[in-house]
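Colleague: Quick one: the structure is below, questions incoming.
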Amino acid sequence: MDKIIINGGKPLEGTVKISGAKNAVLPMMAAALMVDGISTITRVPNLRDTRTMIRLMEIIGAKVSFKNGTLTVDGSTVNNPEAPYDLVKTMRASFYVLGPLIARFGEVKVSLPGGCAWGPRPVDYHLKGLEELGAKVTLDSGYILAESPKLQGKTIRFEYPSVGATGNIAMAAVTANGTTIIENAAREPEIEQLCLFMNKMGADISGVGTDELTITGVKQLHPADIEVIPDRVEAGTFLMAGAALGEVTVQDVVPKHLKAVLSKLEETGAKIEIKGDAVTVTKAENLAPVDMTTAVFPGFPTDLQAQWVALMMLANGSSVVTDTVYHDRFSHVPELNRLGANIHLENNVAIIRGVKKLLGASVMSTDIRASASLINAGLMAEGQTDLSRIYHIDRGYENIEAKYRALGADISRISE
Ligand code: EPU
């Protein structure tokens, strides 16, 4: 198994180019299954998750090619509306094929995703939404079977603005009869881009980027091309490393996607400079402790909660971090404490008492973002940190060691 070895305590300086967003490309790949013909998606990050999605799309019958960040999907050969357990269990985002495949075939069979490292993560909103559009949904041997010769548009109100359920129901609804209104829809930039992509395919979605989507069903979609938005979570991860260790510029980003994160970074005393599509963070003389609560967009993303906890470990005082999106998403905390941090967990609240220094240790990643927080923490700690189970980081971060090395970090990967 591979490991990442970090010799920490060194300053970081330089510029890092941000890759396309994982959470934007995965649903758009699924959307490309809805049309006959070739759609092209550019700026696609080469990640374990994008490769898993390619495998799944090939099983479904699509012809996919992926070279140098350009992905082409030929949906004309799609013939098998089924997502097997083996793939869904390694990547929950496989569930995104549910909406597109019922829209195209009137039936779909998708393995029910299980729990994940930090809790149950249900899919009830996705299923209830499909039922409201007229689908018959059943569970058989761990698989969700959904059927409806033709979905019927309806007003659906989500109890919570779920990213995945908004994406899935929007994809199911674009070719339904009549109009679907999704109230309390997710406003995340990744969902906004999915809707824009479908509009390029001939869908009729208005209210894109707001919490109310109005989707007027169209008879047919056609292939389209799109460039993936920059990954705001990758950008935030590098900015937090910079705020702890020096001066880091993230390039090719959309600064407005990072507003909540940049304003929290400024509260630590760090200097933020925005120039076009680049953001530079310069660390504060004295890192101030800053409380943070995650929320749906435009709030502070849960996908950067673990990295924020890591940053606060060396703050000059105590801070409180609350995750309101995923209450159990704190598997990084015991690992961070192995480096000498002082973090106490009470339900969905982490209380971090800043310490003067951290010391490298062997730690283990438990999910994508916990891994990113442990890498930042290893860079902040003196001495050597070994990070194991790094397949998690490869799911969501492209060339992460090379990107950190270009900033002056001493980080490498070894095979054991
Ligand atoms: N929820 C339900 N029922 C549902 C769906 C969601 O109760 O049917 C709850 C969840 O349990 C959670 C909340 O609603 O408490 C939000 O979940 P959401 O559906 O918004 O999350 P998701 O679509 O499963 C996506 C990202 C996650 C990110 C969340 C929140 C993708 C592929 N995944 O997940 O990203 O944390 O939105 O922003 O887009 C990651 O990239 O590391 C990652 C986990």
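Colleague: Roll a 1.4 Å probe over the protein chains and send me the accessible area per residue for the range 157-290 in Å².
Modeller: Working: 5030 Å² over 134 residues.
Accessible area per residue: 38 Å².
Colleague: Along each principal axis of its Cα atoms, how long is the range 22-227 end to end? Whole angstroms, biggest number first, please.
Modeller: Per principal axis, max minus min of the Cα coordinates gives 41, 36, 31 Å.
Colleague: If you don't mind, another one. How would 157, 369, 121 line up by accessible area, probe 1.4 Å, largest first?
Modeller: Details: 157 155, 369 10, 121 65 Å².
In descending accessible area the options line up as 157, 121, 369.
Colleague: Another question, if that's okay. For the range 22-227, what is the relative contact order in percent, using Cα pairs closer than 8 Å and at least 6 residues apart in sequence? Before the final figure, lay out the partial values.
Modeller: Working: 461 pairs, mean separation 42.0, N = 206.
It comes to 20 percent, rounded to a whole number.
Colleague: Ignoring any ligand, DNA or RNA, what whole percent of the accessible area of the range 22-227 comes from carbon and sulfur when the probe is 1.4 angstrom?
Modeller: Working: 3870 of 8080 Å².
For the range 22-227, the apolar C and S fraction of the accessible surface comes to 48 percent.
Colleague: Carbon and sulfur atoms: what percent of the 1.4 Å accessible area of the range 318-392 do they account for?
Modeller: Values: 1380 of 2840 Å².
So the carbon and sulfur contribution to the accessible surface is 49 percent.
Colleague: Then there is this: In terms of solvent-accessible area of protein heavy atoms at a 1.4 angstrom probe, what is the ranking of 344, 126, highest value first?
Modeller: Details: 344 80, 126 20 Å².
Largest accessible area first, the list is 344, 126.
Colleague: Also: Hey, how much of the P(r) for the chain falls beyond 36 Å, as a percent of Cα pairs?
Modeller: It works out to 25 percent of all Cα pairs.
Colleague: Hey, could you pull the Cα Rg and Dmax for the range 115-187, both in Å?
Modeller: Radius of gyration, then largest Cα-Cα span, for the range 115-187: 12.6, 40 Å.
Colleague: Another question about this same structure. Sorted by average packing, counted as other Cβ atoms within 10 angstrom per residue and highest first, what order do 27-38, 277-288, 248-259, 189-200 take?
Modeller: On the way: 27-38: 24.2, 277-288: 17.1, 248-259: 19.8, 189-200: 21.9.
Peptide ranking by packing, descending: 27-38, 189-200, 248-259, 277-288.
Colleague: Cross-link candidates for residue 128: which lysines have Cα within less than 21 Å, leaving aside residues fewer than 8 places away along the same chain?
Modeller: Once the sequence-local lysines are set aside, what remains near residue 128 is 109, 136, 150, 154.
Colleague: Taking a cut-off of 29 Å between Cα atoms, list the lysines near residue 256, but don't count ones fewer than 8 places away on the same chain.
Modeller: 17, 22, 200, 264, 271, 275, 283, 403
Colleague: Take every DSSP beta bridge whose two residues both sit in the chain, then give the antiparallel share in percent to the nearest 5. List each step's numbers first, then the result.
Modeller: Numbers: 60 of 82 bridges.
Counting only bridges with both partners in the chain, antiparallel ones make up about 75 percent.
Colleague: With springs connecting C-alpha atoms under 10 Å apart, model the chain as a Gaussian network and identify which of 62, 406, 24 has the largest mean-square fluctuation.
Modeller: For the chain, modelled as a Gaussian network with Cα springs under 10 Å, the answer is 406.
Colleague: Can I ask one more? Using a 1.4 Å probe, what is the accessible area per residue for the range 25-152, in Å²?
Modeller: Working: 5150 Å² over 128 residues.
Accessible area per residue, the range 25-152: 40 Å².
The values are calculated or read from the model by the stated rules, or taken from the named source; none is laboratory data. Note that the structure is predicted; figures quoted are calculated from it, not measured. Every residue, glycine among them, receives a Cβ derived from its backbone with ideal geometry; neighbour counts consider all protein chains shown. Accessible surface is based on the protein model in full, side chains and every heavy atom, while ligands, DNA and RNA are left aside. Shrake-Rupley method; radii C 1.70, N 1.55, O 1.52, S 1.80 Å.
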